[in-house]
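What follows is one structure encoded as structure tokens, with my remarks underneath.
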Amino acid sequence: MIGQAKRLSELIKSEPHNSVATNKIIAVASGKGGTGKSFFILNYASLLSSIGKRILLIDLDSNLANIDVMLNITSEKGIGDFLQNRVLLNELVTEVRPNFDVIFGDSGKLKLPIKRKEIIDYLFANIKKLAQNYDKVLVDTGAGVQTDNLYTLSKTDYIALVINPDPTSVMDGYALTKLLFSEYGKRELGVIVNKCDDAEEGKIAFGNLNTATSHFLKTKLKHLGTINYSSNVYKSIKNQVLFSEEYSESNLVNQIKEMIF
Ligand SMILES: Nc1ncnc2c1ncn2[C@@H]1O[C@H](COP(=O)(O)OP(=O)(O)OP(=O)(O)O)[C@@H](O)[C@H]1O
Ligand SMILES: [Mg+2]
């Protein structure tokens, strides 16, 4: 474990050489649901905070926010309370671990008004202010290519597209990339291939997506890494424990640690 932490810290020290790593507000995205966005971003946040990075994770999945459930924390207030002018954004911050703060969503509590551009602009103006207190702000989003979701993504510094290796997921990733680029212009996009049998499967799926975007959208993507499939992921979510803590020595945790962006 000490060896792994040291390696992660060495990787992070080399950040200035990596253009992606300097981005502060980072979101995960996917075409269809269930690719592993929340699993990834939560564990990535936890691993970064464990080596001393100050992390804020914001659950902006306006349909089915569930970071609170995954952390086994009952959240009294969520982002909807800010959007309805009941509280300031910084009043929603909950410290879940040292260096690791979360702003929870509002799953099932109310229909969030994160549908209009002005609301998203207002939210991100406040997120940017809050970001001054952190090394990274990580944003979990809902799946899909609807306008409010794409606009939310467009407001972040960096997007990590989470896909699975099957062809339909690759196509969904392509569709999201195409719509995002056509609405908001081309930008560097990172891709994580989750639920793979092995590194080779991740490489092939990324290659297929990259071939399509290079050919049709004239843009190359960046392969941030591959995460294997493991039944322990489901177990950790079912038992409401953090995978990165419960399975800290696992191959999957090492794969997530390798992804510094
Ligand atoms: N590497 C993995 N191996 C096995 N199962 C996984 C892996 N990653 C995620 N899962 C499983 O996939 C399901 C969806 O994961 P998760 O909720 O993180 O996806 P999501 O992209 O956030 O979904 P949504 O779009 O609905 O928010 C969960 O049941 C989780 O256990
Ligand atoms: Mg999710």
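Say whether the condition of being in a helix (DSSP H, G or I), at pLDDT 95 or above and either under 21 Å from I119 (Cβ atoms) or more than 13 Å from ligand 1 (Cβ to nearest atom) (or both) is met by at least one residue in region 64-83.
no
Considering only residues that are farther than 24 Å from L48 by Cβ and within 16 Å of ligand 1 (Cβ to nearest atom), look in region 84-108 and name the one that is most open to solvent (accessible area, probe 1.4 Å).
Ranking the candidates gives G108 first.
Sort out which residues of region 232-255 are in contact (Cβ under 8 Å) with a residue 24 or more places away in the chain and away from ligand 2 (no atom under 16 Å from the Cβ), and write them in order of number. Spell out how you get there, then give the answer.
Going through region 232-255, the residues in contact (Cβ under 8 Å) with a residue 24 or more places away in the chain turn out to be 233, 237, 240-245, 248-249, 252-255.
V241, S244, E245, S248, E249, L252, V253, N254, Q255 - these are the residues of region 232-255 that are in contact (Cβ under 8 Å) with a residue 24 or more places away in the chain and away from ligand 2 (no atom under 16 Å from the Cβ).
Under the condition of being surrounded by fewer than 13 Cβ atoms within 10 Å (Cβ to Cβ) and outside any helix (DSSP H, G or I), which residue from region 180-210 is nearest to ligand 2 (Cβ to nearest atom)?
The extreme case among them is D197.
Sort through G78, G144 and tell me the only one that's in contact (Cβ under 8 Å) with a residue 24 or more places away in the chain and within 30 Å of S230 (Cα to Cα).
On the way: G78 fails: within 30 Å of S230 (Cα to Cα).
The match here is G144.
Scan L130, L138, L123 and give me the residue that is closer than 28 Å to A199 by Cα and open to solvent by less than 30 Å² (accessible area, probe 1.4 Å). So that I can check it myself, show each step before the final result.
Values: L130 fails: closer than 28 Å to A199 by Cα; L123 fails: closer than 28 Å to A199 by Cα.
From the options L130, L138, L123, the qualifying one is L138.
If only one of S244, S236, S250, S230 is within 16 Å of ligand 1 (Cβ to nearest atom) and under 22 Å from K136 (Cβ atoms), which one is it?
Result of the check over S244, S236, S250, S230: S244.
Among the residues in region 34-47, are any at pLDDT 85 or above and more than 16 Å from ligand 1 (Cβ to nearest atom)?
No, region 34-47 contains no residue that is at pLDDT 85 or above and more than 16 Å from ligand 1 (Cβ to nearest atom).
Considering only region 232-261, state which residues are of a type in the set (F, W, Y) and either touching a His at 6+ places or on another chain (Cβ under 7 Å) or open to solvent by 10 Å² or more (accessible area, probe 1.4 Å) (or both).
Answer for region 232-261, where residues must be of a type in the set (F, W, Y) and either touching a His at 6+ places or on another chain (Cβ under 7 Å) or open to solvent by 10 Å² or more (accessible area, probe 1.4 Å) (or both): Y234, Y247.
Using the structure shown, decide if R116 is surrounded by fewer than 23 Cβ atoms within 10 Å (Cβ to Cβ) and under 30 Å from T226 (Cβ atoms).
No.
The values are calculated or read from the model by the stated rules, or taken from the named source; none is laboratory data. Values in this document were obtained by computation on a predicted structure and should not be read as measured data. Backbone-built Cβ (ideal geometry, glycine too); neighbour counts: all protein chains shown. For accessibility, only protein heavy atoms count, side chains too; no ligands or nucleic acids. Shrake-Rupley method; radii C 1.70, N 1.55, O 1.52, S 1.80 Å.
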